[in-house]
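The values are calculated or read from the model by the stated rules, or taken from the named source; none is laboratory data. Treat the numbers as computed from the prediction; the structure is a model and nothing was measured. Here Cβ is always computed from backbone atoms with ideal geometry, including for glycine, and neighbour counts include all displayed protein chains. When the accessible area is computed, the model is the full protein with side chains, heavy atoms only, and any ligands, DNA or RNA have been set aside. Shrake-Rupley method; radii C 1.70, N 1.55, O 1.52, S 1.80 Å.
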Amino acid sequence: MSRIGKMPIAVPQGVEIKIDPNNLVSVKGPRGHLMQQVDPDIKVALEEGEINVVRPTDQKRHRSLHGLYRSLINNMVEGVSAGFVKELEVVGVGFRASNTGQLLELALGYSHPVLFYVPDEVKVSAGQEKGKNPIIRLESADKELIGQIAAKIRSLRKPEPYKGKGIRFVGEQLRRKAGKAAAKK
């Protein structure tokens, strides 16, 4: 039995859950509204303030979908109640980040500024304290979307292993390499 799949999902106060007969789960809360289509074989039931995900058999396909849909529904419930936050750090001399509404403008050492439009479902803010690297903060109820946007921004200038310049997640540990000067000794 899937250890993740069999755990019930607690529904917090202020969150509404609707399960259609054709397995469309919609979650509405203070931070937004999310929907997920669930495979017809997997049963989703709302009982006494908690959601249970049940699989029909122990086939490999059903076992893999069981934990997947339980995690997706749990992320939806957590997203509409508390939300998700991702922070990216821009490291490098002359590297800057600023935003105007949903448009993120990045100076990443290229000959031109990089403009990146963030979807309306994700709230973006960029700021810099004196003496520290610029921070890009993303907030959203949709965990999948915020992760995808953060990865896309990071891919604009991945951190390199020699000097550590680039865009990285706050708290991300980089594997640093010694340069060619270390080889001469």
Checklist entry - Given the structure, is Ala82 of a type in the set (Gly, Ala, Ser), out of contact with any Asp or Glu (no Cβ under 6 Å at 6 or more places or on another chain) and closer than 21 Å to Gly171 by Cβ? => result yes
Item to check | Close pairs from the stretch 2-14: first part of a loop (DSSP other than H, G, I, E, B), partner open to solvent by 90 Å² or more (accessible area, probe 1.4 Å), Cβ under 7 Å, at least 6 apart | outcome: Ser2/Arg63; Gly14/Pro30
Next on the checklist: Please pick out the residue among Gly83, Gly127 that is closer than 20 Å to Gly14 by Cβ and in contact with a Lys or Arg (Cβ under 9 Å, 6 or more places away or on another chain).
Outcome noted: Gly83
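Conditions (1) open to solvent by 30 Å² or more (accessible area, probe 1.4 Å); (2) of a type in the set (Gly, Ala, Ser); (3) modelled with pLDDT of 90 or more; (4) in contact with a Phe, Trp or Tyr (Cβ under 8 Å, 6 or more places away or on another chain), marked per residue:
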{"position": "Val25", "(1), (2), (3), (4)": "no, no, yes, no"}
{"position": "Arg31", "(1), (2), (3), (4)": "yes, no, yes, no"}
{"position": "Met35", "(1), (2), (3), (4)": "yes, no, yes, no"}
{"position": "Val38", "(1), (2), (3), (4)": "no, no, yes, yes"}
{"position": "Lys43", "(1), (2), (3), (4)": "yes, no, yes, no"}
{"position": "Glu47", "(1), (2), (3), (4)": "yes, no, no, no"}
{"position": "Thr57", "(1), (2), (3), (4)": "yes, no, yes, no"}
{"position": "Lys60", "(1), (2), (3), (4)": "yes, no, yes, no"}
Checklist outcome for this item: The correct count of residues that are open to solvent by 40 Å² or more (accessible area, probe 1.4 Å) and within 23 Å of Val93 (Cα to Cα) in the stretch 112-146 is 12
Next on the checklist: Among the numbered criteria (1) surrounded by 14 or more Cβ atoms within 10 Å (Cβ to Cβ); (2) in contact (Cβ under 8 Å) with a residue 24 or more places away in the chain, which one does Glu105 miss?
Outcome noted: (2)
Checklist entry - So which residues in the stretch 147-185 are open to solvent by less than 50 Å² (accessible area, probe 1.4 Å) and of a type in the set (Val, Ile, Thr)? => result Ile149, Ile153, Ile167
Checklist entry - Name the residues in the stretch 78-93 that are open to solvent by 70 Å² or more (accessible area, probe 1.4 Å) and either within 23 Å of Gly29 (Cα to Cα) or part of a helix (DSSP H, G or I) (or both), would you? => result Glu78, Val85, Lys86
Checklist outcome for this item: Selection over the stretch 50-77 where residues are within 26 Å of the chain's Cα centre (by Cα) and outside any strand (DSSP E or B) yields a count of 17
Item to check | Residues of the stretch 140-185 classified as within 30 Å of Gly79 (Cα to Cα), among the charged types (D, E, K, R) and part of a loop (DSSP other than H, G, I, E, B), total | outcome: 4
